[in-house]
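The values are calculated or read from the model by the stated rules, or taken from the named source; none is laboratory data. Just so it is clear, the structure is predicted and the values come from calculations on it, not from any experiment. Neighbour counts run over all protein chains shown; Cβ positions are idealised from the backbone, glycine included.
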Amino acid sequence: MNMIKSNTIGLITFILIIMELVIGFGTLALVNVPRALFPTTAFKIYISKLSNKIGDLTVYGLKLIMLMMHGDKIKVIDSQEYDLNEWYMAMSNHQSWADIFILLVVANHKLPLLKFFMKKELAWIPFVFLANKTLNMPFVNRHSKKELERNPNLRLKDYKNTLKSCKRFQRAPSTIFSYAEGTRLTEEKYTRQESPYKNLLIPRIGGMATALSAMPNINTLVDFSLVYKSKERGAWSFLKGEMNDVKVLINKHPIPENLKNRNYSNDEEYRNNFKIWIEEIWQEKDKEIEKLKS
């Protein structure tokens, strides 16, 4: 009986989320059609602000669905203030497909709409493609250290693509979001990396450092730490509500002045300094996650 109930909850949740996304992105698609017809700067800024508002309303709908189907078991630990008229950079540990929904719901109307860096391989998914086109969520390529060593031009190419996307972010207050680990945490990946952290993979900072190069008006990094009570990590487990008990710790970090207005593609000193800064945050984050698990 419990299995039937949980699977029914999962199915209904899935249907409601799909309906909400279809309505939200359908509206966004219609709103963005005139942008190509009237390509003036003022009109693009207006459409970007309107798109962000529609995005926020869509996320609020997702929040109501999760509350209705899963209850209110997300514990947010955050005593800080934010300004919806500012631009932010954000990052989080990455454990599950569900993280995106948790983060969107937690940040809704607290921070400007989260704009995720998305893997280019996911462009075939309709909602991901529409997010790129209507909300300016950029596609990125994930290159290994060996690939960059073999072809250093890959870093320059990615840098230019990110710069192009970040120019569109300037149209309306946004929160540029990146999973610093670059992938979901699994035992296999953790072992393969020989990570020095107890609860995290090694951070990869290229996307964030490049975005900061393009947007010197960002003064604050917002760091989310997610800890699920359940050991389940699958999409279906999330839809069934088996991952609804989660703690989210949010910390703000002022961005050092020496990390602003620098060029990630050709400034090795900047890359090293940014790496050291994130690793210091990562060490403290690892300790905080350990405390949240208790």
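If only residues of the range 40-64 that are closer than 26 Å to G241 by Cα and out of contact with any helix residue (DSSP H, G or I) (no Cβ under 8 Å at 6 or more places or on another chain) are counted, the one that is surrounded by the most Cβ atoms within 10 Å (Cβ to Cβ) is D56.
Looking across the range 158-177, the residues that are touching a Pro at 6+ places or on another chain (Cβ under 6 Å) and small (G, A, S) come down to S165, S174. On inspection, L103 passes the criterion of being surrounded by 19 or more Cβ atoms within 10 Å (Cβ to Cβ), under 22 Å from L130 (Cβ atoms), at pLDDT 90 or above and of a type outside the set (S, T, Y). Please find, within the range 1-39, the residue that is surrounded by the fewest Cβ atoms within 10 Å (Cβ to Cβ) out of those that are closer than 17 Å to T134 by Cβ and among the small types (G, A, S). Among those residues, the one meeting the criterion is A36. Using the structure shown, decide if A235 is surrounded by 21 or more Cβ atoms within 10 Å (Cβ to Cβ) and in contact (Cβ under 8 Å) with a residue 60 or more places away in the chain. No: the conditions fail for A235.
Quick check: is even one residue across the range 137-160 out of contact with any His (no Cβ under 6 Å at 6 or more places or on another chain), under 22 Å from N217 (Cα atoms), in a loop (DSSP other than H, G, I, E, B) and modelled with pLDDT of 70 or more? Yes; the residues of the range 137-160 include at least one that is out of contact with any His (no Cβ under 6 Å at 6 or more places or on another chain), under 22 Å from N217 (Cα atoms), in a loop (DSSP other than H, G, I, E, B) and modelled with pLDDT of 70 or more. Residues in the range 31-40: is at least one within 13 Å of N136 (Cβ to Cβ), in a helix (DSSP H, G or I) and polar (S, T, N, Q)? Yes - at least one qualifying residue is present in the range 31-40. Among the residues of the range 48-84, those identified as of a type in the set (A, V, I, L, M, F, W, C) and either in contact with a Leu (Cβ under 6 Å, 6 or more places away or on another chain) or part of a helix (DSSP H, G or I) (or both) are L50, I54, L57, V59, L62, L64, I65, M66, L67, M68, M69, I77.
For the range 85-99, name all the residues that are in a loop (DSSP other than H, G, I, E, B) and among the hydrophobic types (A, V, I, L, M, F, W, C). The answer is W87, W97, A98.
In this structure, is L226 of a type in the set (A, V, I, L, M, F, W, C), under 30 Å from N2 (Cβ atoms) and in contact (Cβ under 8 Å) with a residue 24 or more places away in the chain?
On the way: of a type in the set (A, V, I, L, M, F, W, C): yes; under 30 Å from N2 (Cβ atoms): yes; in contact (Cβ under 8 Å) with a residue 24 or more places away in the chain: yes.
Against the criterion (of a type in the set (A, V, I, L, M, F, W, C), under 30 Å from N2 (Cβ atoms) and in contact (Cβ under 8 Å) with a residue 24 or more places away in the chain), L226 qualifies.
The number of residues in the range 111-135 that are part of a loop (DSSP other than H, G, I, E, B), at pLDDT 70 or above and in contact with a Phe, Trp or Tyr (Cβ under 6 Å, 6 or more places away or on another chain) comes to 1.
The C-beta contact set for the range 45-72 (first residue modelled with pLDDT under 90, second residue of a type in the set (D, E, K, R) and not in a helix (DSSP H, G or I), distance under 6 angstrom, 6+ apart or interchain) comprises I45/R171; S48/R171. When K291 is tested against (1) surrounded by fewer than 13 Cβ atoms within 10 Å (Cβ to Cβ); (2) among the charged types (D, E, K, R); (3) touching a residue at least 40 places away in the same chain (Cβ under 8 Å), only condition (3) is not met. For the range 25-54, residues that are out of contact with any Phe, Trp or Tyr (no Cβ under 8 Å at 6 or more places or on another chain) and either under 26 Å from E86 (Cβ atoms) or among the aromatic types (F, W, Y) (or both) total 20.
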